[in-house]
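Chemist: I have a structure I would like to understand better, so I am pasting it below and will then ask my questions one at a time.
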Amino acid sequence: MDYRELGRSGIKVSVIGLGTWQWGSREWGWNQLYSERDVQAAFQKGLELGINFIDTAEIYGHGRSEEILGRAIHDFRGQVIIATKVWPWNLSYGKVLRSAEKSLSRLQADVIDLYQIHWPSHLVPIRNTMKAMKKLVETGKVRCVGVSNFNAKQMKAAQEALEPIELASNQMKYNLVDRGIERELRPAALASQVTIIAYSPLAKGLLTGKYTAGSSPNSFVQRASPRFSKRNLARFDQVHRVLRHIGDAHGKTIAQVALNWLISKENVVAIPGAKRPVDVEDSAGATGWQLTRDEITAMETSANQISFDKISGLPNLIRGLIPI
């Protein structure tokens with residue numbers, strides 16, 4: 001496993017982490033498609049493979065994700081870097097402090113390694129939120145501070161409001177088919193040594209190769225996405241063929257190829273979701289090897305040619321409104 005520093009915090013995290021949105025989240029099929037026993041086993045497998053970075057949020061499963069993670073790390077706190085996030089409606093000074101205390105309690109921890117603003121707020125000035133973040137760092141409740149879903153302008157404002165403490169990270173949707181941050185945000189983050197934490201690095205499973213026009217996903221989250229309509233999955237088949245061809249050349253899976261593309265970027269770490277040990281093993285296999293420049297070009301060219309049809313996804317959206 002390879003490791004990178006979070007910003008300039010001195011904290012080293014595995015380039016492949018564990019995303020825990022699925023832990024305790026009924027929209028992903030919690031206690032129907034998988035259980036706490038599965039995710040606990042996934043956590044243990046991650047430790048065995050050198051994964052030390054785990055990301056959660058107070059909103060995931062309405063706090064259940066943090067609680068489940070707290071039980072998982074109870075005997076391994078010194079081996080893991082915990083990242084969690086505060087929801088936009090809790091961004092005033094007092095609410096940030098209270099949210100942090102509640103997260104610490106659910107996590108059964110004394111300190112949050114990386115505390116992030118989940119989404120920017122248009123109601124609470126960023127200086128008020130960052131005043132609370134600075135207080136949490138000063139009192140030892142938080143080791144470093146990050147943001148999530150902040151564009152370049154918002155990230156700069158957050159950096160200025162947090163001074164003299166440095167912003168460590170910006171967590172963004174980033175994968176082979178969602179590359180909007182490459183235009184402005186990622187260059188800005190690279191210039192200021194802010195780490196990009198890539199969430200949805202496999203595009204909710206689209207980049208795993210598991211789903212084709214002949215197979216449908218089971219979870220509410222995937223069924224509610226137009227990208228998983230039969231027509232869009234058929235359109236995506238060409239990308240799958242390219243990824244499969246590259247994977248075969250390296251003895252790697254489609255998901256490992258897609259993740260390796262991400263972590264080949266200088267200031268990027270990825271946090272794929274993991275429900276079972278096999279998911280973690282697959283993700284960890286993205287490290288320890290390199291794509292060639294020609295392979296990267298082939299992947300990006302193929303992905304650039306995909307145009308998802310939103311209309312054909314309407315049946316999926318309707319079906320997604322009926323929970324499994």
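Chemist: Per the 1.4 Å probe, what fraction of the accessible area of the chain, in percent, lies on carbon and sulfur atoms? Please report the intermediate quantities before stating the final value.
Modeler: On the way: 7220 of 14420 Å².
After summing per-atom areas, the C and S share lands at 50 percent.
Chemist: Nearest 10 degrees is fine. How inclined is helix 293-304 to the longest principal axis of the chain, computing both from alpha carbons?
Modeler: 80
Chemist: OK, next. Work out, step by step, the length gained on full extension between Gln32 and Glu48: first 0.36 nm times the residue separation, then minus their alpha carbon distance; give nm to one decimal. Can you show the working numbers first?
Modeler: On the way: separation 16, 0.36 × 16 = 5.76 nm, distance 2.68 nm.
So the extension gain works out to 3.1 nm.
Chemist: Using modelled amide H (1.01 Å from N, peptide plane; none on Pro or chain starts), what sits under 5 Å from the amide H of Ser148, excluding residues fewer than 5 places away?
Modeler: Ile117, Gln171
Chemist: Let me ask another. Cα axis of helix 237-250 to longest principal axis of the chain: angle in degrees, 0 to 90, nearest 10?
Modeler: Tilt relative to the chain: about 80 degrees.
Chemist: Which value, in nm² and rounded to one decimal, describes the direction-averaged projected area of the C-alpha convex hull of the chain? Intermediate results must be reported in sequence, preceding the final value.
Modeler: Numbers: hull surface 62.1 nm².
Averaging across all directions leaves 15.5 nm² for the Cα convex hull.
Chemist: Which is farthest toward the positive dipole end of the chain among Trp289, Thr56, Asn90, measuring Cα position about the Cα centre, with Cβ charges +1 (Lys, Arg) and -1 (Asp, Glu)?
Modeler: Asn90
Chemist: Any idea what angle helix 64-73 forms with the longest principal axis of the chain, computed on alpha-carbon atoms, 0 to 90 degrees, nearest 10?
Modeler: 80
Chemist: Right, another one. Placing unit charges on C-beta atoms (Lys and Arg positive, Asp and Glu negative, everything else neutral), compute the dipole magnitude of the range 48-99 about its Cα centre in debye, rounded to 20.
Modeler: Details: 6 positive and 6 negative charges, 52 e Å.
My answer is approximately 260 debye.
Chemist: Using θ = phi - 60° and the Karplus form 6.51 cos²θ - 1.76 cosθ + 1.60, what ³J(HN,Hα) does each residue of the range 98-106 get, whole Hz, x for Gly and Pro?
Modeler: Computed from phi, the couplings for the range 98-106 are 5, 4, 4, 5, 5, 5, 4, 5, 5 Hz.
Chemist: Further, regarding this structure: If you take the square roots of the eigenvalues of the alpha-carbon gyration tensor of the range 1-111 and sort them as a ≥ b ≥ c, do you get rounded (a/c under 1.5), prolate (a/b over b/c) or oblate? Can you show the working numbers first?
Modeler: On the way: a/c = 1.75, a/b = 1.06, b/c = 1.65.
Oblate, because a/c is 1.5 or more while a/b does not exceed b/c.
Chemist: Sticking with this one: Shape verdict for the range 56-120, please, from the Cα gyration tensor: rounded (a/c under 1.5), prolate (a/b greater than b/c) or oblate.
Modeler: Working: a/c = 2.00, a/b = 1.75, b/c = 1.15.
Because a/c hits 1.5 or more and a/b exceeds b/c, the range 56-120 counts as prolate.
Chemist: Hey, another quick one. Using DSSP, restrict attention to beta bridges with both residues in the chain and report what percent are antiparallel, rounded to the nearest 5. Intermediate values should be presented prior to the final figure.
Modeler: Numbers: 4 of 33 bridges.
The antiparallel proportion sits near 10 percent.
Chemist: Non-local amide H neighbours of Thr195 (under 5 Å, H modeled in plane, Pro and chain starts lacking H): which ones?
Modeler: Gly7, Ser169, Asn170
Chemist: Also: Does the range 93-211 classify as rounded, prolate or oblate by the C-alpha gyration tensor (a ≥ b ≥ c root eigenvalues; a/c under 1.5 gives rounded; else a/b over b/c gives prolate, otherwise oblate)? Spell out each step's value before the answer.
Modeler: Details: a/c = 2.19, a/b = 1.42, b/c = 1.53.
Here the range 93-211 falls in the oblate category.
Chemist: Can I ask one more? Pulled fully out, how much extra length does the chain show between Glu300 and His74, if you take 0.36 nm times their separation in residues and subtract their Cα-Cα distance? Mind dumping the intermediate values first?
Modeler: Details: separation 226, 0.36 × 226 = 81.36 nm, distance 4.13 nm.
Roughly 77.2 nm would be gained on extension.
Chemist: Positive end of the dipole of the chain, charges at C-beta (+1 Lys, Arg; -1 Asp, Glu), about the Cα centre: which of Gln22, Asn232, Val177 has its Cα farthest in that direction?
Modeler: Selected residue: Asn232.
Chemist: If you don't mind, another one. Quick one: divide the alpha-carbon radius of gyration of the range 150-193 by 2.2 N^0.38 Å and tell me what you get. Intermediate values should be presented prior to the final figure.
Modeler: On the way: Rg = 10.9 Å, N = 44, 2.2 N^0.38 = 9.3 Å.
Cα-based Rg divided by the globular estimate yields 1.17.
Chemist: Moving on to the next point. Greater than 29 Å separation of Cα atoms is the criterion. Which listed pairs, Lys156/Lys275; Lys12/Lys131; Lys45/Lys173; Lys45/Lys153; Lys153/Lys230; Lys12/Lys252, meet it? Intermediate values should be presented prior to the final figure.
Modeler: Details: Lys156/Lys275 35 Å; Lys12/Lys131 25 Å; Lys45/Lys173 25 Å; Lys45/Lys153 39 Å; Lys153/Lys230 38 Å; Lys12/Lys252 26 Å.
Among Lys156/Lys275; Lys12/Lys131; Lys45/Lys173; Lys45/Lys153; Lys153/Lys230; Lys12/Lys252, the Cα-Cα distance tops 29 Å for Lys156/Lys275; Lys45/Lys153; Lys153/Lys230.
Chemist: Let me check against my output: what whole-number percent is the relative contact order of the chain, with C-alpha pairs under 8 Å and at least 6 apart?
Modeler: Values: 628 pairs, mean separation 68.4, N = 324.
Result for the chain is 21 percent.
The values are calculated or read from the model by the stated rules, or taken from the named source; none is laboratory data. Computed from a prediction, not measured in an experiment: that's the story for all the values here. Don't worry about glycine lacking a Cβ; one is built from the backbone with ideal geometry, like all the others, and counts go over all protein chains shown. The area values use the complete protein model at the heavy-atom level, side chains included, leaving out ligands, DNA and RNA. Shrake-Rupley method; radii C 1.70, N 1.55, O 1.52, S 1.80 Å.
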